[in-house]
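Below you'll find the structure, written out as structure tokens, and then a few comments.
Please treat every number below as a calculation from the coordinates, not as lab data. This is a predicted model, so every value here is computed, not measured. Here the Cβ positions follow ideal geometry from the backbone for every residue, glycine too, while neighbour counts run over all protein chains shown.
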């Protein structure tokens with residue numbers, strides 16, 4: 001995973017230096033332990049690698065990392081997950097609307113997220129990335145893993161098909 005992230009960094013240095021400057025320094029390891037304690041959930045190794053690389057982007061920046069999605073800070077990940085987990089059984093009556101095993105890491109600023117699905121309760125494989133669209137009930141699988149997503153992101157950068165809104 002680190003080699004992919006290093007290549008993304010190199011590409012951004014050459015092609016999106018302003019965005020690269022908006023990325024924050026990596027997360028300190030104790031924050032990962034605090035997450036595990038708070039949510040009784042272990043973070044996937046590739047998600048840890050992603051956040052050791054950079055702690056999301058400056059929250060004041062609306063520049064998208066990919067498509068219309070921005071890269072959440074780790075604090076935003078924890079706050080969002082706590083809020084959404086807390087709505088299970090009250091605001092979210094359908095258990096399939098939001099699962100405790102989902103960890104958001106990209107968002108569109110409108111309440112929708114790309115999430116790591118750590119449990120795959122609704123099918124597929126643990127570690128897949130699902131789209132949580134607040135206004136829709138479907139939760140499509142967008143990638144089989146964080147590594148696949150990062151590889152796809154890098155490929156789109158290299159072949160000129162990266163789109164940002």
A chain fully extended from residue 68 to residue 92 at 0.36 nm per residue, minus the present Cα-Cα distance, gains in nm 6.1 nm
Note: residue 58 to residue 148 extended length (0.36 nm per residue) minus current alpha-carbon separation gives 30.0 nm
Projected area averaged over all directions for the convex hull of the alpha carbon atoms of the stretch 1-92, nm², comes out at 6.9
Over all pairs of different Cα atoms in the stretch 88-144, the reciprocal of the mean inverse distance gives a Kirkwood radius in Å of 11.4
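For the peptides 5-16, 95-106, what is the packing order when you average, over each peptide's residues, the other Cβ atoms within 10 Å and list the highest mean first?
Numbers: 5-16: 14.7, 95-106: 18.8.
Answer by packing, highest mean first, reads 95-106, 5-16.
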Using the Cα gyration tensor of the chain, the equivalent ellipsoid's semi-axes, largest first and to the nearest Å, work out to 25, 17, 15
